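In what follows, a structure is listed as structure tokens, so that the remarks can point back to it.
The values are calculated or read from the model by the stated rules, or taken from the named source; none is laboratory data. A quick note: this is a predicted structure, and the numbers were derived from the prediction, not measured. Note: ideal-geometry Cβ built from the backbone for every residue, glycine included; neighbour counts use all protein chains shown.
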Amino acid sequence: KIPVIIDCDPGIDDTMMLTLAYARPELDIKLVTVEAGNLTIDKTTYNTLSFLTYIQKEVEVAKGIEQPMFRKQEVAEDIHGEGGLGNVKWADPVLQASDRTAIQAMCDVLMNAEEPITIVATGPLTNVAALLFAHPEVKPFIKQISWMGGAAVGGNMSTVAEFNAYVDPHAVELVFRSGVPIIMSGLDVTHKAYITRDEMTRLRNLGTPFAEKVADMMNFYTFTQSQTPFNPPGFEEQIRVHDVCAVACLVEPELFKGDDYFVEVELNGSLTQGATLVDFAKKTGKEPNVHVLHTVNRDGFIDLFFNAVTTVGKT
Ligand code: BDR
Ligand code: CA
């Protein structure tokens, strides 16, 4: 089994990432921590508890830090809806948030682990950065950090910055410099891991109440994503479930291709904050610190996604 801690900010695609994580028997989910990101921390915490209650999973859910390290908070309700999960209501939470903070809980779980743990992070990295800053002693107990965020080319918050990197670039910087192995599923790969509208219809036709809710949530997301300006032709037909890649690349690594590069993040650029600069040309002479994914086998990804919705829909 692969032991993991999941740090997320649900968010529509974060719930799809949780779906895949809970569908896969090879993952042992030790802890879920919640980030502020797509929404404020109270909303992302509520959504995490609500979704996990619906899919009937019991796990410690610990609430994280409520704002980015230095920058003013920005949320993405325009994409995920005011509540954060489109128009879908999952369940009134029965599960409650832990008494421990995300940082305390991550630290304890890591320090007591029998083997190094993988952190799956699908938000702005504030919690993970704070953990590494306050408790560097945990580093040997982290196998790797699989992060959805950044982009070698392009952006979705600005021309050059992806949302998670844009929201808390200082956190990203701390994590990039930590020495802990990192897998980055940036927009380069997540934009290739899309679902078409036809596939969404097939998904709805799985016929379970769960699949129906997923399809409803996706419908909302398709619309909000399609409103993004400067979409290339055909883009509005593609539903991008970014965060799912951060788990998919752990459970089916053969679907993905990537390379090791030195990557840093722009902190201060007045036009470019949050841009992740990938040293493609290997000109900086600096040692690679990030495994950057750039390609996915989309057919395999769709199978994996459908299987996850089918499996979780049975519970
Ligand atoms: C990322 O930003 C968030 O809106 C999504 O949940 C994902 O983590 C995509 O840029
Ligand atoms: Ca997210």
Looking only at residues in the stretch 57-91 that are of a type in the set (S, T, N, Q) and part of a loop (DSSP other than H, G, I, E, B), which one is farthest from residue 121 (Cα to Cα)?
-> 73
Filter the stretch 1-55 for residues that are of a type in the set (Gly, Ala, Ser) and touching a residue at least 60 places away in the same chain (Cβ under 8 Å); which is farthest from ligand 1 (Cβ to nearest atom)?
-> 23
Subset tally (residues that are over 16 Å from the mean Cα position of the chain (by Cα) and within 13 Å of ligand 1 (Cβ to nearest atom)) for the stretch 161-187 = 0
Matching entry among 190, 196 (being closer than 28 Å to residue 152 by Cα, modelled with pLDDT under 95 and β-branched (Val, Ile, Thr)) | 196
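Please specify each residue of the stretch 17-38 satisfying the condition of being near ligand 2 (Cβ under 10 Å from one of its atoms) and farther than 13 Å from residue 61 by Cβ. Give the steps one after another, and end with the answer.
Narrowing the stretch 17-38 to residues near ligand 2 (Cβ under 10 Å from one of its atoms): 17, 35, 37-38.
Listed by number, the residues that qualify are 17, 37, 38.
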Free of Cβ contacts under 8 Å to residues at least 40 places away in the same chain, away from ligand 1 (no atom under 16 Å from the Cβ) and either assigned to a helix (DSSP H, G or I) or more than 15 Å from the chain's Cα centre (by Cα) (or both), is that true of residue 94?
-> no
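Residues of the stretch 251-271 being modelled with pLDDT of 95 or more, part of a loop (DSSP other than H, G, I, E, B) and surrounded by fewer than 18 Cβ atoms within 10 Å (Cβ to Cβ), which ones? Show your work before the answer.
Taking the stretch 251-271 and keeping what is modelled with pLDDT of 95 or more, we get 251-267.
Narrowing the set further to residues that are part of a loop (DSSP other than H, G, I, E, B) leaves 252, 262, 266-267.
Correct list: 267 only.
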Among the residues of the stretch 42-93, write down those that are within 17 Å of residue 16 (Cβ to Cβ), at pLDDT below 95 and in contact with a Pro (Cβ under 9 Å, 6 or more places away or on another chain).
-> 80, 84, 85
Only residues that are of a type outside the set (A, V, I, L, M), at pLDDT 95 or above and touching a helix residue (DSSP H, G or I) at 6+ places or on another chain (Cβ under 7 Å): list them for the stretch 205-235, please.
-> 208, 210, 212
